[in-house]
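Structure, as structure tokens:
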Amino acid sequence: MKKSKPVSRSGRFTQGPGEDVARFTESISFDWRLWRYDILGSLAHATMLRQAGLLSQAEAEGIIRTLDAISQEIAAGHFTWKPDLEDVHMNIEAELTRREPAGAKLHTGRSRNDQVALDMRLWLRDEIDALILEIRNLQSAMVELGARHSRTPLPGYTHLQRAQPVFFAHHLLAYVEMLERDAGRLRDAWKRVNICPLGSGALAGSTLPLDREFVARYLHFIDGKKRPLVSQNSMDAVSDRDFIVEFASASALLAVHLSRLAEDLILWAGSEFNFIRIADAYTTGSSLMPQKKNPDIAELARGKTGRVVGNLVSLLVLLKGLPMTYNRDLQEDKEPLFDTADTVRATVQIVAAMLRHTSVNEAVCRAAASDPALLATDLADYLVTRGLPFRQAHHAVGAAVALAEQKGKKLNELTLAEYQSIEPLFDAGVHALFDLDQAMARRNLTGAPGDREVQRQLRRWQKFLARDEAKSKP
Ligand code: ARG
């Protein structure tokens, strides 16, 4: 076993932790990425301490100037992170204090417990904003591809059996709707991320005259009326990780949606379907079989979903047995959170790029959708309009399907006499029902896959996404 070499420590401790302990407990290897937010939080806190009379003007200026310098060094990649200083908070504070003695006053009225809660909230707020923009981009890619195929029919499936014809755009717009709900869930989670925990101390606030509202305003934790949003219970504020679970949950569902889309694309790209062609750059070859072209991106999008769902479960299990308030276990929230955020953002990005490099084999889709059996339901509806109860109409069309099968014909090849032998209400109009273009024109309920409605939905999304894009421009 490696011998413990103590690292320096002070105060109540006579001995520092050994190297093995430091290695086991450090979080700098992954929480360094919070640095921008850690410094931002410290700037807010130092400015507030100055206003509260807890720092002199010179001390506050010294701290702020030095934090700015450290910030630039980190951004330039010139800062050395030290694992024996445990985490991002200690690393930055130690370096600050080494250069600027007043740095020792920065932690006044603050604990790493409210500090880390703050950093995570600041980080996640930006992360959610960025993810929503990427979701918009993916929705746009789907709407663009859909608009190019707003009249390309393809079979819609239930039980993975051909069911009824839809337009290609309609199928994609189903995912646009799912993604919109994902964006909504993320926006909703954002509201609960947007609450300032600083001033909660280790768990019980502070006896010092801190101005929590000032800090909240400084860090833009404000509501629509610009009122500061601060946490209302110091114990809750340092132990709450709901906001992370909510993000992980919304992200897991987003990943599940991407995975379902990926599955559709994988099927469609296979030669059994052959509905789409993914550009070479977004596929890979086989090391052994020269003819292969594999949809690896879609497969990985599907595969990574397992990890994202796992991260959500990890976080829930992490929290379930924790007594109030902060426990070191909470340090374990970061890796699943970062992994989820990185994974879903990268997946949304690459799937959007792939869709922009995917073409649709129109003729194949149309041929597959042209099987007259897909319009059997239209036949039943037609008998209903002639007064037959739907159950009987369904039965009659079922009998027609069986008769066609028995005669080795397609459903539209039965003669009128054959139809009428099953149900006298069939009339000369029956064969016209099999015209696919007319069949698509008949589906015009709100949300239906018909011509007019799909055009309307496409226009709705185009308008919505264009407006949203304009709003998000600085
Ligand atoms: N690295 C810790 C974390 O990520 C920071 C908070 C440490 N607080 C403490 N009391 N040890 O949770």
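Of note:
- In this Cβ point-charge picture (+1 for Lys and Arg, -1 for Asp and Glu), the chain has a dipole of about 540 debye about its Cα centre.
- Relative contact order for the range 34-116, counting Cα pairs under 8 Å that sit 6 or more residues apart, in percent: 38
- Segment MET90-GLU362, extension gain: residue separation times 0.36 nm, minus the distance between their alpha carbons: 91.9 nm
- Taking the centroid of alpha carbons for each part, the range 306-333 and the range 79-157 are 18 Å apart.
- The range 8-49: chymotrypsin sites (Phe, Trp or Tyr not before Pro) in DSSP loop, at most 16 other beta carbons within 10 Å: PHE13
- Here the mean projected area of the convex hull built on the C-alpha positions of the range 16-154 is 13.2 nm².
- Helix 296-320 vs. the chain, principal-axis angle (Cα, 0 to 90°, nearest 10): 50
- A DSSP coil position with no more than 16 other Cβ atoms inside 10 Å describes the following GluC sites (Glu not before Pro) in the range 229-298: GLU272.
- Cα centroid of the range 359-410 to Cα centroid of the range 169-234, whole Å: 53
- In the chain, one over the average inverse separation of all distinct C-alpha pairs is 26.8 Å, which is the Kirkwood hydrodynamic radius.
- Applying 0.36 nm per residue to the separation of LYS320 and GLN392 and subtracting their alpha-carbon distance, the gain on full extension is 20.4 nm.
- When each of VAL360, VAL143 is scored by the number of other beta-carbon atoms lying within 10 Å, the sequence from fewest to most is VAL360, VAL143.
- Relative exposure of THR158, THR97, judged by other C-beta atoms within 10 Å (fewest first): THR158, THR97
- Computed FRET value (nearest 0.05) for LYS82 with GLU180, which takes r as the C-beta separation and R₀ as 45 Å: 0.50
- Directionally averaged projected area (convex hull, Cα atoms, the range 107-228), nm²: 11.1
- Shape category assigned to the range 34-76 from the gyration tensor of Cα positions, a/c cut at 1.5: oblate
- Looking at the chain alone, DSSP beta bridges between its own residues are antiparallel in about 90 percent of cases.
- Simple spin-label estimate for ASP188 and ARG151 in nanometres, 7 Å along Cα-Cβ: 3.9
- FRET efficiency for ASP242 and ARG277, using Cβ-Cβ distance with R0 set to 41 Å, rounded to 0.05: 0.40
- Estimated [θ] at 222 nm from DSSP helical runs (n ≥ 4, -39500 (n - 2.57)) normalised by residues in the chain, nearest 500: -19500 deg cm²/dmol
- Pairs exceeding 27 Å between alpha-carbon atoms, taken from LYS292/LYS409; LYS82/LYS105; LYS293/LYS463; LYS304/LYS334: LYS292/LYS409; LYS293/LYS463.
- Computed from Cα positions, the angle between helix 57-75 and the longest principal axis of the chain comes to roughly 50 degrees.
- Alpha carbon centroid spacing (whole Å) that separates the range 35-68 from the range 440-474: 50
- Nearest 10 degrees, 0 to 90: helix 242-269 Cα axis against the chain principal axis: 30
- Proximal charge balance of LYS293 [Cβ under 15 Å; K/R count +1, D/E count -1]: -2
- Cβ-based exposure ranking for MET289, MET48, in which fewest neighbours within 10 Å come first: MET289, MET48
- Efficiency of FRET from Cβ geometry, SER370 and ARG459, R₀ 25 Å, rounded to 0.05: 0.40
Taken together, the values in this text are just the output of simple stated rules run on the coordinates, not laboratory data. None of these values were measured; they are calculated from a predicted model. Heads up, the Cβs are rebuilt from the backbone with ideal geometry, glycines too, and the neighbour counts pull from every protein chain shown.
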